[in-house]
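What follows is a set of notes on a single structure, which appears directly below.
The values are calculated or read from the model by the stated rules, or taken from the named source; none is laboratory data. It should be emphasised that the depicted structure is a prediction, and the values quoted were computed from it without experimental measurement. Glycine also receives a Cβ, built like all others from the backbone with ideal geometry; neighbour counts cover every protein chain displayed. Only protein heavy atoms, including side chains, enter the accessible area calculation; ligands, DNA and RNA are left aside. Shrake-Rupley method; radii C 1.70, N 1.55, O 1.52, S 1.80 Å.
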Amino acid sequence: MALNLMLPQQEGHDNSGFAMVMQDLEGVFSHYKDKPLLSLACTPEGVQLVNDYMEERAFVQVAQWVPEVDKRPDLKINAMPRYVFRNYDYPEEYRTRSQKEREDLLLDTRLELRALLAEKQNGFVYSFWPDVLTLKEIGDPADIAVYFRLWNNDGRLTARNIVTQCRQNTNYAIVRYAAHPFFLQGYTVCANGENTFFTKNKEFQKSLHRGYVGFESDSQNFLYTLHYVLHELRWPIKYYKHVITPLPFVEVEKRADRKVLNLIRESLAHLEINGPNTIIGLLPDGKMITCCDSKKLRPVVVGGTSDMVAIASEVCGLNAIMPDRDLSKDIYPNEREMVVIDNDLAVQRWNQ
Amino acid sequence: MESVRTQDVSVNDLRWKIEYRPDLCTMCGSCVAACTFNAIDVGMMRRSITLSRKAFPDPTQEHSARPVIMQKPSIPSACVGCGMCEKICPNAAIKPVRNQDTRFSVLARQHGPVKRGGRTNLNPPRTLDSIFVGRISQMTDPALDSERHTFDIRSPLGRVMLAKELPLRVDGDSLVLTESTPPVHWIYPAIFSDMSIGALSTRAWEAIALAAAYLNEKCGMPVRMCSGEGGMPIKLLESDQLKYMILQIASGHFGWNRIIKAMPRMKTDPAGVLIKIGQGAKPGDGGLLPAAKVAPHIQAIRGVPKATLHSPPNHQGLYSIEESVQKMHLSLNAAFGFRVPVAIKCAASATSVSVYNNLLRDPYKICGGFFMDGIQGGTGAANEVSLEHTGHPIVSKLRDCYMAAVAHGLQGQIPLWVGGGIGLTGNAAADAFKMICLGANGVIIGKILIQLLGCVGNEHGRCNACNTGKCPTGICTQDPRLVKRLDVDRGAQNIVDYMLAFDSELRKLLAPVGNSSLPVGRSDALVTTDKAVADKLDIQYAC
């Protein structure tokens, strides 16, 4: 379904890659929703390195799904030798620990695995989180789907929430990590556009949290700020928009909460974004969000039926998967707006 | 015949020579009257003229004594090239010309070091001039329309807290403030620099204050002006316009008595307090107001006798940065009820980063800004040796401070305001934009303001006589006859016009990089054609 949504937006593809994050999984992973799922693309040596590391850290493997890839010779894909999706149980001592300690363990494990695999270019680790699967690949999106047999609706790889994008980043070198969407501790973000404040965002974020690493793409910043506002500062979601696109000073002056808004702007001035972009995000609780830069220089549309809501860059994508929806209910968010879709598919739209 | 005195000073030893055309001169005397430096005089010269008054050649020779304008061959009354004679001469008969063969610097130290207004005559190439705004949005990150788009051009003055330290409590889906926080004012990113009433004439100071108030009240540009060391007129202290003024306390504490006494009658808080530790043009030399400029009203405002006023090179009795922060900031913050940001101004120096690092660690969170002044800053009187041979270029030091803050994740916590040569080439907006991209929150401009008032001094040794009390334009003197030369309203209008153009130019630079708010730290927007500059500032090299 996600792929079908992407196809009509083909103009936006440059056949440089495909990536997706799936959350709230069904199919082969439905029995292991509480067990962290490791998503890897690596060499055989990489698998061995990961095996040794996880064993040493007392993670217990409880399940594994290795996609049966279609190795047709004419596919435009720059595949890695091995793709591994594994559920682990927490080490014995962590089974009674707090949620935060577990979250920190999963993050640190992923970061260490990333460093381990990067050392001799043995592979990539995209996510290590319960009920979340990440797949990133370089090549033609349609061919990548053929390779992983994503067209087969065999029910093995399904999820309630999917964030996907069909291209690599354009501003920097093609690196697997650079493909949208990006994932960190339950938060997923992809973006259409650019981040002209990349350098200042990056320079600030680097010291904010150990998980803010990579910066292979200029829009990774959007994820890190989302994570910082919601996960680290624990502020309500409406403040994400106030951090990334602060209201103009003249407008703030008219608001009753101007003191708070000014403080936020002062403190997090370096997390502001000012370039052309649309952000689409998925939160740990399954809510999906979308919002734009302060000038609304990139398109986005939200549309839905009674059993599905989707956010896409272009309306042709929605038309492909929901041709019979009520078009009059489509939402084209404006620059100061945010759209939040709940798990029960209730769509909220508010002004900043 | 008189014997030749080879040691005598001749006109050719001076920096400027008067080019005089007796054939055009009507001997009106205006040039002599206008010359504040007493560099020219009316004299008599014996002339031999060959004349032919008939219809055919009939030459006769006449010898006559004629009045002429002559330049004095004297160091104390050397021409400074201000060109007032040329401006006032109705017949274009006189003008100063730069003298390549000058021996002035060798001869002028008979009475101690040469003192001069704040312009260096050594002119290394400016770093800012090798930097360009290189990341121009074309397609994927579109440029904005600088004329139609709304821009949000404001900078903070005041101590900023880290988000994690903010006293905010979640209440439902909102955040609620639970305690007060240090005062932060969002102002225009160009502050009128600290030039004291005393260094400037009352009219010049008034013109700048008038421009600041006009920009605030009529143009919607919240520009702030710093008083400079030396206090303020009581009327201003007790008026609403005080809100546009940053009060300065420097090492001499001149004028503070009056400010403290006026506090109970102040209608409004000042925009800030700036504690000046040092200045860019003569760092480590303190302030200097020569006796020639200490007029009666200056004595009244500062509470001093008529004498040369030296501010010490440091705040006496303070031993360390920590002590400065504690004593001065705590007392000044407390005096204004913690409602007014208190910032520090230092000269850029090899140790600036240490100072900034120290301030960032300040446990009281009380330093509301770090102002840095580079070698090309300053307008006051100074010894030439300090002016030309001490100090630090501002660009790399700003960058060092910003990157030091980045290393600790503390950028933006203490706003960085920088000056020293901003607008030296006349293009202050371009300089400001580049400095902001390199990490400044805003810039301080001074010299360009007095140039807008009519100052003719430049970096090639023209005029540079701010110390003499003889400023020919009435900007830098307290002589009532000279002060009258300055038209306050016209001066203020020049500054307002320039600032409106500055704002427009800033938009012209923000628009092509696709930003509607200030690009603080957006070093990726800059490129430089100098490899060494690229390496030092960590910006892209382009050739």
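Take A:Lys287 and tell me if it is within 7 Å of chain B (Cβ to nearest Cβ) and basic (Lys, Arg).
Working: within 7 Å of chain B (Cβ to nearest Cβ): no; basic (Lys, Arg): yes.
No, not satisfied.
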Qualifying residue in segment B:164-178 (condition: open to solvent by 40 Å² or more (accessible area, probe 1.4 Å), out of contact with any helix residue (DSSP H, G or I) (no Cβ under 8 Å at 6 or more places or on another chain), modelled with pLDDT under 95 and hydroxyl-bearing (Ser, Thr, Tyr)):
no
Expected single match for within 20 Å of the chain's Cα centre (by Cα), within 30 Å of B:Ser180 (Cα to Cα) and not hydrophobic (A, V, I, L, M, F, W, C) among B:Asn357, B:Asn441 is B:Asn441
The condition from (1) at pLDDT 95 or above; (2) within 18 Å of the chain's Cα centre (by Cα); (3) within 10 Å of another protein chain (Cβ to nearest Cβ) that A:Phe183 misses is numbered (3)
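For segment B:2-31, how many residues meet the condition of being of a type in the set (A, V, I, L, M, F, W, C) and within 10 Å of B:Ile94 (Cβ to Cβ)? Write out each step before concluding.
So in segment B:2-31, the residues of a type in the set (A, V, I, L, M, F, W, C) come out as B:4, B:9, B:11, B:14, B:16, B:18, B:24-25, B:27-28, B:31.
Those still in the list that are within 10 Å of B:Ile94 (Cβ to Cβ) too: B:18, B:24-25, B:31.
Final tally of qualifying residues: 4.
On the basis of being within 14 Å of chain A (Cβ to nearest Cβ), closer than 30 Å to A:Pro246 by Cβ and open to solvent by 20 Å² or more (accessible area, probe 1.4 Å), does B:Val184 make the cut? Give the derivation first.
Working: within 14 Å of chain A (Cβ to nearest Cβ): yes; closer than 30 Å to A:Pro246 by Cβ: yes; open to solvent by 20 Å² or more (accessible area, probe 1.4 Å): yes.
Taking the combined requirement at face value, the residue satisfies it.
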Being touching a strand residue (DSSP E or B) at 6+ places or on another chain (Cβ under 8 Å) and open to solvent by less than 30 Å² (accessible area, probe 1.4 Å) narrows B:Gly284, B:Gly252 down to just B:Gly252
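Tally time: how many residues in segment B:309-327 are open to solvent by 20 Å² or more (accessible area, probe 1.4 Å) and touching a residue at least 12 places away in the same chain (Cβ under 8 Å)? Outline the logic, then answer.
First, the residues of segment B:309-327 that are open to solvent by 20 Å² or more (accessible area, probe 1.4 Å): B:310, B:312-314, B:316-323, B:326-327.
Applying the additional criterion that residues be touching a residue at least 12 places away in the same chain (Cβ under 8 Å) yields B:310, B:312-314, B:316, B:321-322, B:326.
Residues flagged as open to solvent by 20 Å² or more (accessible area, probe 1.4 Å) and touching a residue at least 12 places away in the same chain (Cβ under 8 Å) within segment B:309-327 amount to 8.
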Any idea which residue in segment A:309-350 is farthest from A:Ser294 (Cα to Cα), counting only those that are part of a helix (DSSP H, G or I) and open to solvent by 30 Å² or more (accessible area, probe 1.4 Å)?
A:Ala320
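Pick out, from segment A:201-256, the helices (runs of 4 or more DSSP H) lying fully within it that include 2 or more residues that are within 11 Å of chain B (Cβ to nearest Cβ), under 21 Å from A:Arg298 (Cβ atoms) and more than 18 Å from the chain's Cα centre (by Cα).
On the way: elements: A:220-227, A:238-244, A:249-252.
Qualifying helices (runs of 4 or more DSSP H): A:238-244.
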So which of A:Glu56, A:Glu68 ends up being exposed (fewer than 15 other Cβ atoms within 10 Å of the Cβ), out of contact with any Gly (no Cβ under 9 Å at 6 or more places or on another chain), free of Cβ contacts under 8 Å to residues at least 40 places away in the same chain and on the phi < 0 side of the Ramachandran plot?
A:Glu56
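Which strands (runs of 3 or more DSSP E) does segment B:1-90 wholly contain that include 2 or more residues that are over 27 Å from B:Val106 (Cβ atoms)?
On the way: elements: B:16-20, B:40-51, B:60-71.
Where strands (runs of 3 or more DSSP E) fall fully within segment B:1-90 and carry at least 2 residues being over 27 Å from B:Val106 (Cβ atoms), they are B:40-51, B:60-71.
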When B:Thr351 is evaluated against the numbered criteria (1) open to solvent by less than 30 Å² (accessible area, probe 1.4 Å); (2) out of contact with any Phe, Trp or Tyr (no Cβ under 7 Å at 6 or more places or on another chain), which criterion, by number, is the only one it fails?
(1)
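Yes or no, residue by residue, for (1) open to solvent by 10 Å² or more (accessible area, probe 1.4 Å); (2) in a helix (DSSP H, G or I):
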| position | (1), (2) |
| --- | --- |
| B:Leu452 | yes, yes |
| B:Glu459 | yes, no |
| B:Asn467 | yes, no |
| B:Gly491 | no, yes |
| B:Asn494 | yes, yes |
How many residues are over 20 Å from B:Val342 (Cβ atoms) and of a type in the set (D, E, K, R) if we restrict to segment B:218-236?
2
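Residue check: is B:His315 at negative phi and over 20 Å from the mean Cα position of the chain (by Cα)? Steps first, answer last, please.
Numbers: at negative phi: yes; over 20 Å from the mean Cα position of the chain (by Cα): yes.
Yes, satisfied.
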What are the residues in segment B:501-543 that are within 9 Å of chain A (Cβ to nearest Cβ), charged (D, E, K, R) and either in contact with an Asp or Glu (Cβ under 7 Å, 6 or more places away or on another chain) or in a loop (DSSP other than H, G, I, E, B) (or both), if any?
B:Arg522
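Looking at segment A:156-178, which of its residues are in contact with a Cys (Cβ under 8 Å, 6 or more places away or on another chain) and surrounded by fewer than 22 Cβ atoms within 10 Å (Cβ to Cβ)? Lay out the reasoning, then the answer.
Filtering segment A:156-178 down to residues in contact with a Cys (Cβ under 8 Å, 6 or more places away or on another chain) leaves A:163-165.
Answer for segment A:156-178, where residues must be in contact with a Cys (Cβ under 8 Å, 6 or more places away or on another chain) and surrounded by fewer than 22 Cβ atoms within 10 Å (Cβ to Cβ): just A:Thr164.
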Just to be sure, is B:Asp535 surrounded by fewer than 19 Cβ atoms within 10 Å (Cβ to Cβ) and more than 25 Å from the chain's Cα centre (by Cα)?
yes
Go through segment B:391-410 and give me each residue that's of a type outside the set (Gly, Ala, Ser) and within 17 Å of the chain's Cα centre (by Cα).
B:His392, B:Pro393, B:Ile394, B:Val395
Among the numbered conditions (1) open to solvent by less than 40 Å² (accessible area, probe 1.4 Å); (2) over 30 Å from B:Gly469 (Cα atoms), tell me where B:Gly278 comes up short.
(2)
Test for B:Glu229: is it among the acidic types (Asp, Glu) and part of a loop (DSSP other than H, G, I, E, B):
yes
Just the residues that are modelled with pLDDT of 95 or more and touching a strand residue (DSSP E or B) at 6+ places or on another chain (Cβ under 8 Å), please, taken from segment B:196-210.
B:Trp205, B:Ile208, B:Ala209
Going through A:Leu107, A:Leu75, A:Leu38 one at a time, which residue ends up being part of a loop (DSSP other than H, G, I, E, B), open to solvent by less than 70 Å² (accessible area, probe 1.4 Å) and not aromatic (Phe, Trp, Tyr)?
A:Leu75
I'm checking my understanding of the structure. Among residues of segment A:257-276 that are within 9 Å of chain B (Cβ to nearest Cβ) and not in a helix (DSSP H, G or I), which one is farthest from B:Leu518 (Cα to Cα)?
A:Asp257
Residues (over 30 Å from A:Phe198 (Cα atoms) and part of a loop (DSSP other than H, G, I, E, B)) located in segment A:153-177:
A:Asn153, A:Asp154, A:Gly155, A:Arg156, A:Leu157, A:Thr158
Working only within segment B:64-85, note down all residues that are at pLDDT 95 or above and open to solvent by 60 Å² or more (accessible area, probe 1.4 Å).
B:Met70, B:Pro73
Return yes or no: is B:Lys306 free of Cβ contacts under 8 Å to residues at least 40 places away in the same chain, touching a Pro at 6+ places or on another chain (Cβ under 9 Å), in a loop (DSSP other than H, G, I, E, B) and open to solvent by 20 Å² or more (accessible area, probe 1.4 Å)?
yes
